[in-house]
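Data first, discussion second: the structure below is written as structure tokens.
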Amino acid sequence: MSKYTEDDLREELKTKEYEYGFFTDIESETFPIGLNEDIVRAISKKKEEPEWMTEWRLEAFKVWQAMEEPDWANVNYTKPDFQAIAYYSAPVAVDPNKTLDDVDPDLLAMYKKLGISVDEQKKMNNVAMDIVVDSVSVATTFKKTLAEKGIIFMPISEAIQEHPELVRKYIGTIVPTTDNFYAALNSAVFSDGSFCYIPKGVKCPMELSTYFRINQGGTGQFERTLLVADEGSYVSYLEGCTAPSRDENQLHAAVVELIALDDAEIKYSTVQNWYPGNAEGLGGVYNFVTKRGLCEKNAKISWTQVETGSAVTWKYPSCILKGDNSVGEFYSIAVTNNHQQADTGTKMIHLGKNTKSTIISKGISAGKSQNSYRGLVHVSARAENARNFSQCDSLLMGNECGAHTFPYIEAKNKSAMIEHEATTSKIGEDQIFYCNQRGIDTEKAIALIVNGFSKEVLNKLPMEFAVEAQKLLEISLEGSVG
Amino acid sequence: MLQIKDLHASVEDKSILKGINLEVKAGEVHAIMGPNGSGKSTLASVIAGKEEYQVDKGQILLDGQDIEELAAEERAHKGVFLSFQYPVEIPGVSVTNFIKTAINETRKAKGLEDMPAKDMLKMIRDKAELLEIDRKFLSRSLNEGFSGGEKKRNEIFQMAMLEPKLAILDETDSGLDIDALRIVANGVNKLKSKDNAVVLITHYQRLLDYIVPDFVHVLYKGRIVKSGGKELAHELEEKGYDWIKEEVDA
């Protein structure tokens, strides 16, 4: 099959009406803005996908068209114009067949700027990385080392070609195309993301990591991650996200599906630092993400997230505790500053017997930001002896920000034990002065207090990322005290 | 070392210090006593550079340099230490982590590298021993759930670690039982040298049995109304503050 090129697409679209023509610049190839069936088909074709995938996308697109954008979250923003976004953008220097050594030096320089030297990551941290810039996966390191253990870790676009049976079996089973507005949109237009499969009984010997980056203006990023841990396996996975400063609001609507089969364990950590907009609230990324995991018998899924970026965040990494004795955990730090808004939390759905869940949420609000925790603990009628512990702590800085907690509990089995604790505190001038008096300046004092407040969650991150996350907290709150 | 000249200070437009004159030389221990509300803690806060306190008039000189324009942390870098009457809690930050940060920030201000972890550890161990502090205590969150005695001992531990030039101890004896008081006082005595100075702010003379001052000053209505040697403290203990109030108010 010959490669579907930009020219082919241009030809195909020539007869159709688009307000703007093709946008291509030296480094990047971008589809025309707007969304219709042809664009969905074009993305699928560009990815050289099998027909079932194209059909799956089109089905999702139909579903999406009939859906309304949700507005129940505690956030206010101008709804994106979905016809004003380009749904595919790729740095042209990327050729999926190239190895890391062949990657465009400019791209590598960009990673370096982001503080993620791929080389270093490779050598020092023993971390296998996949990097998704705009819509395309740029480099996957360590593929060979992993392959020896039978671990598959590759861009999802490649997985669709190389392991169609696995992808087809699991994609959309945890987050169906009909799940919600953004999940449906993602299903229709996702262009890349990571796929990971850990075979039976294999403990993945290194952290797997994906770095997402929105680079182009006027584009959205819709990545899809699918992670399957087969029986008795273990994997720790980390994703990081950044985007450059732009005055416009960029849309990021990702879907992450985790499947932990019997006795498997998945640790999924996120450090999200999308561009939050400027101090006046102009620009920034809309981060509307659906993340969900399924636990079979004795399985465990642990979500850890450090959310510091994005203008608006709408995100609830959840666990379906289907198997008996399965365990779900959610550890979250969400920082909002200036005009940022975050509505984030989790859903723990207890279906199996003796299922356990833990929720630790730390919200830090500064500036004029609004930070909401929204969580659901659901215990079904058959879930004997389900246990949940939730703790939601909020830390406020200044007098213009807000912290909100919306915990929902639905218990349909009398044996359920559900505990919920919540605190709200404020960084006091006395605390700052105390630090100052010991020689610690105000900026550093806030970092210290915030790190202390977030410690329980930071401790859950893999070591090298905990350090990065701490720095990120510091940077995010810079200038938040006058 | 410390010279305070005709210091007037206020908080929220309320004048509290009304012309303090005080000179503290290296190697000296001064006690500042006085009835409640006389301005003792305000004086400590003003020297340490708490922002809410406004200096309306006068000067505070440290080694001859006016420190009025310096931020609290800059004063700390120059060797000013305040042992707080009510030390604050910082959840999730261990005693060790806090003091490590304080020391390294001070070193950074002086253009020095971070203290090597090995040296830091040794210093922590030595000073903890000096103050009879259990090692487990050091990994607890700063002041969180500490008893009154633990809080004060922790203050003196930080003082031992930071080795200040000028240590101001604000009501360090309050809330201490007799054993804790002895340990804290012993610690301070061991840290005293000919190069540093200690200012004790206290309501009672009890502490002065353990840390013997060279000079005692009585603060009343924002002024130092009487100064003397250590015998003045005993006189106050016997007769209370009323006779001084009468003298001043007459």
Could you work out the local net charge near A:Trp72, counting Lys and Arg as +1, Asp and Glu as -1, over the other residues with Cβ closer than 12 Å to its Cβ? -3
Counting Lys +1, Arg +1, Asp -1, Glu -1, what net charge surrounds A:Asp430 among other residues with beta carbon under 14 Å of its beta carbon? -1
For B:Arg223, B:Arg135, which order do you get if you count the other beta carbons within 10 Å of each Cβ and list the fewest first? B:Arg135, B:Arg223
Just flag the GluC sites (Glu not before Pro) in the range A:29-82 sitting in loop per DSSP whose Cβ has no more than 16 other Cβ atoms within 10 Å. A:Glu48, A:Glu68
Under Karplus coefficients 6.51, -1.76 and 1.60, residue-wise ³J(HN,Hα) of the range A:387-397 in Hz, glycine/proline x: 10, 9, 10, 10, 9, 10, 10, 10, 10, 10, 10
Apply 1/(1 + (r/R0)^6) to the Cβ-Cβ distance of B:Glu132 and A:Glu384, taking R0 = 51 Å, and write down the FRET efficiency to the nearest 0.05. 0.45
Of B:Ile90, B:Ile211, B:Ile224, which is the most mobile in a GNM of chain B whose springs link Cα atoms less than 10 angstrom apart? B:Ile90
Built amide H within the under 5 Å cut-off of A:Ala422, gap 5+: A:Cys392
Note, ³J(HN,Hα) from phi for the range A:271-285, Karplus 6.51, -1.76, 1.60, rounded to Hz, x at Gly and Pro: 10, 9, 9, 4, 4, x, x, 8, 5, 8, x, 8, x, x, 8
Just the Kirkwood number for chain B, please: inverse of mean 1/r across all distinct Cα pairs, in Å, one decimal. 18.7 Å
For a quick check: with amide H placed at 1.01 Å from N, whose amide H comes under 5 Å from B:Ile32's, ignoring anything fewer than 5 positions away on the same chain? B:Leu200, B:Ile201, B:Thr202, B:His217
I'd like the distance between the alpha-carbon centres of the range B:164-229 and the range A:286-340, rounded to an integer number of Å. 54 Å
Tell me, what is the Rg over Rh of the range A:353-482, with Rh the Kirkwood radius over Cα pairs? 1.08
Test of understanding: in a Gaussian network model of chain B with alpha carbons linked when under 10 Å, which of B:Gly37, B:Gly149, B:Gly187 would top the mean-square fluctuation ranking? B:Gly37
How large is the translational diffusion coefficient of the range B:115-214 in µm² per second when you combine the Kirkwood radius over alpha carbon pairs with Stokes-Einstein at 25 °C and 0.890 mPa s? 174 µm²/s
Here the gain from full extension of B:Lys14 to B:Lys192, 0.36 nm per residue of separation minus their alpha-carbon distance, amounts to 60.5 nm
As a test of the formula, what do you get for the protein assembly as shown when each DSSP H run with n ≥ 4 contributes -39,500 (n - 2.57) and the sum is divided by the residue count, at 222 nm and rounded to the nearest 500 deg cm²/dmol? -8500 deg cm²/dmol
Scan around B:Tyr220 for amide H atoms under 5 Å from its own, H built in the peptide plane at 1.01 Å from N, and keep only partners 5 or more places away or cross-chain. B:Val225
Would you mind getting me the FRET efficiency between A:Asn413 and B:Asp66? Use the beta-carbon distance for r and R0 = 41 Å, nearest 0.05. 0.05
Hz values of 3J(HN,Hα) by residue in the range A:81-86 - Karplus curve (6.51, -1.76, 1.60), Gly and Pro given as x: 8, 5, 8, 10, 10, 8
With the contact rule set at Cα under 8 Å and sequence spacing of 6 or more, what percent relative contact order holds for the range B:11-153? 21 percent
Two decimals is fine: what's Rg over Rh for the protein assembly as shown, C-alpha atoms, Kirkwood radius as Rh? 1.08
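Computed from the coordinates by the stated procedures, all read-outs in this text should not be read as laboratory data. Given the structure is predicted, the values throughout are model-derived calculations rather than measurements. Neighbour counts run over all protein chains shown; Cβ positions are idealised from the backbone, glycine included.
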